[in-house]
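These notes concern the structure reproduced below.
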Amino acid sequence: MMVIQQLLGMSEARMKIFDLEQEIMKAWHVVDDIDLLHENVIETDMSTDDIANVLLGLKGVYSMRFQKLFNTFEEVCKEYHAMRKQNENDYTQS
C-alpha cells in the first residue's frame, strides 16, 4: 500500500512540476506582448493615452500571471519537502 501511495505522490509531484514549467513558459509571453506593442507604436499613430492603457493592461495581466506562477512554485516546494520528509522517515524506519 505504501508503494502505491508513493507512486501516486510522485505522479502528483510530476504533474505539479509540469504545471510549474508551463507557468514559467507562459511568463515569457510578456516579451511577445512587448514586441507587439512596440510594433503598433512604430507602425500606427497610437496616442500616449492608448499606449498607457495597453501598458496598464499588461501590468494587470502579468501581475496575475506571476502570482499564479508563484503559487504553483509554492505548491511544488510543499510537495517536494513533504515527499522528502516521508522518504527520510521511511528510510529511518527500515
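Computed from the coordinates by the stated procedures, all read-outs in this text should not be read as laboratory data. Computed from a prediction, not measured in an experiment: that's the story for all the values here. Ideal geometry is used to build each Cβ from the backbone, glycine not excepted, and the neighbour counts take in all protein chains shown.
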Spatially proximal lysines relative to K85 (Cα-Cα < 25 Å; intrachain offsets below 8 disregarded): K16
17 Å Cα-Cα reach of K68 towards aspartates and glutamates, excluding residues that sit fewer than 8 places from it in its own chain: D19, E21, E23, E79
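Using packing as a proxy for protection, rank 25-31, 64-70 so that the peptide with the highest average count of other Cβ atoms within 10 Å comes first.
64-70, 25-31
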Contact order relative to length of the range 2-93, as percent, for alpha carbon pairs under 8 angstrom and 6 or more apart: 48 percent
Among (1) 7.1; (2) 8.6; (3) 8.1, the entry derived from the coordinates for mean projected area of the Cα convex hull in nm²: (1)
Which of T92, V54, M15, positive extreme of dipole for the range 2-93 (C-beta unit charges): T92
Helical mean residue ellipticity (222 nm; -39500 (n - 2.57) per DSSP H run of 4+; nearest 500) of the chain: -33500 deg cm²/dmol
